[in-house]
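Notes follow the structure.
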Amino acid sequence: MSNQSTSKPMYEQIFDALREDITSLKYKPGDRIPSEKELCEQFNVSRITSKKALELLTAEGYIIRKPGKGSFVSESMSVREGVDPSNAALSLTTNQRIKRQKKMLIGLVITNFDDSYGTELVYGMEEASREHDSYLIIRRSFGIAAREEEAISQLLAIGVDGLIIFPAQGEYFSAEILKLVISKFPFVLVDRYLKGISASSISSDNLQAAKEATNYLFELGHTQISFLTQPSINTTAIEERIEGFIQAHAEKGIVADRGLWLENITSTLPNEFDPNTRERDIEIIQQHLKQHPEITALFTVEYTIAQYAFEAARRLGLSVPDDISIICFDSPRNDSYQFTHIRQNQLEIGKRAIESVLKLHNQEQVAGRVMLHAPLVIGKTTAAPKVKPV
């Protein structure tokens, strides 16, 4: 290290040294760099200091950290002559914009998508991007924070002009998102917002939709309603659906019995790849219904959980909706179950996300948070409860 760097904290000195090794191609894309322990020995520092240096390299997009394997130089990291390595991704973005002759390129980072939710969202974005003579690039994170960071870093490196981000599940928001906020890079969040982050977001009005669906069950005569969800883990969309469910009860003077809820359905999480968890979750619901025969309706936070609930009821010999009603968020248009469901306007959310990114790129003002109405669609899985014998 040079004497000029001695006034810097040690983690910054280590960061500078490793960054120089990467930009000089001592470590090429894909190469493993020294571990926290190796850096401790090399620079005679604590594990905390070496870890902080690696975290900073990760945040700047120079490396990708793989648990259990080590830290590796990002495949997207390429340094060009005349580009300040401390700002390589954003400088490369500018170069790419010039080469594309001002054709807008928008990156989408999404957990995952299927016919019940996500496919129409992508359709809306793709149509809007075509209308505005721009291009859309998609990367899936599967709800894994490290993949989200990597996707954002790589999209910046290839020169996107804006980003749309469907954040990974949980309270975690990546260092890459913080960098976008600090640098005022044009990006929009969809489906949820991140607490404490000043960023534009577009989603359904989850709270109001949940209230409307719950009130519909009340109108049918249901009061013993079980709420089925994956762990909310500070995911705002689920938190708001729970809040809407609770508020509807409070406004009607009905007790929301949390003992009837199931909040441990995990097989539908985007980072869950074990096929055995589906069967486990169906069995959990089945056992729950056996333990609580007073339940007359199930409110599920998403379509796949509603499918599990339907199967669990079938195995118990319960008829839907004669013996038990089921209502859910989202449903594919070719749904064979014909669930009563809350239909989110995915096409409109996708379209508005593209339009907002374009406005932000043009330094125009956009709303901080947009929430769209999600109507209730009456299907064949809800009916008045049977009068139970006294």
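Here, each number is a calculation from the coordinates, and none is a lab measurement. Note that this is a predicted model, so its numbers are computed, not measured. Here Cβ is always computed from backbone atoms with ideal geometry, including for glycine, and neighbour counts include all displayed protein chains.
Observations on the model:
- Relative to the dominant Cα principal axis of the chain, helix 119-131 is inclined by about 50°.
- Chain lengthening between residue 384 and residue 114 when straightened (0.36 nm per residue, less Cα-Cα): 94.1 nm
- Taken about its Cα centre, the stretch 309-390 carries a charge dipole of roughly 120 debye when the Cβ of each Lys and Arg holds +1 and the Cβ of each Asp and Glu holds -1.
- Rg ratio (alpha-carbon, reference 2.2 N^0.38 Å) - the stretch 250-390: 1.30
- In the structure shown, the pairs 211/290; 66/351; 8/359; 37/195; 28/52 are assessed against 30 Å; a Cα-Cα span above that value is assigned to 66/351; 8/359; 37/195.
- The slack in the chain from residue 294 to residue 127, taken as 0.36 nm per residue of separation less the alpha-carbon distance, amounts to 55.4 nm.
- Helix-derived mean residue ellipticity, 222 nm - over the chain, DSSP H n ≥ 4, -39500 (n - 2.57), to 500: -13000 deg cm²/dmol
- The stretch between residue 264 and residue 51, if pulled fully straight at 0.36 nm per residue, gains 73.4 nm over its current Cα-Cα span.
- The alpha carbon convex hull volume per residue for the stretch 116-193 rounds to 97 Å³.
- Comparing the chain with the 2.2 N^0.38 Å rule of thumb, its C-alpha radius of gyration ratio is 1.16 (two decimals).
- Degrees, to the nearest 10: 236-252 long Cα axis against longest axis of the chain: 30
- Beta bridges by DSSP in the chain, antiparallel share as percent, to the nearest 5: 20
- Environment charge at residue 35 (Cβ cut-off 11 Å; Lys +1, Arg +1, Asp -1, Glu -1): +3
- Only Lys, Arg (+1) and Asp, Glu (-1) charged, at Cβ; the stretch 123-220 dipole about Cα centre in debye: 320
- For the stretch 150-247, fraction of C-alpha pairs farther apart than 22 Å, in %: 41
- With respect to the chain, whose longest principal axis is taken over its alpha-carbon atoms, helix 303-315 is tilted by about 40°.
- Nearest-20 debye value, the chain charge dipole, Cβ charges on Lys, Arg, Asp, Glu: 560
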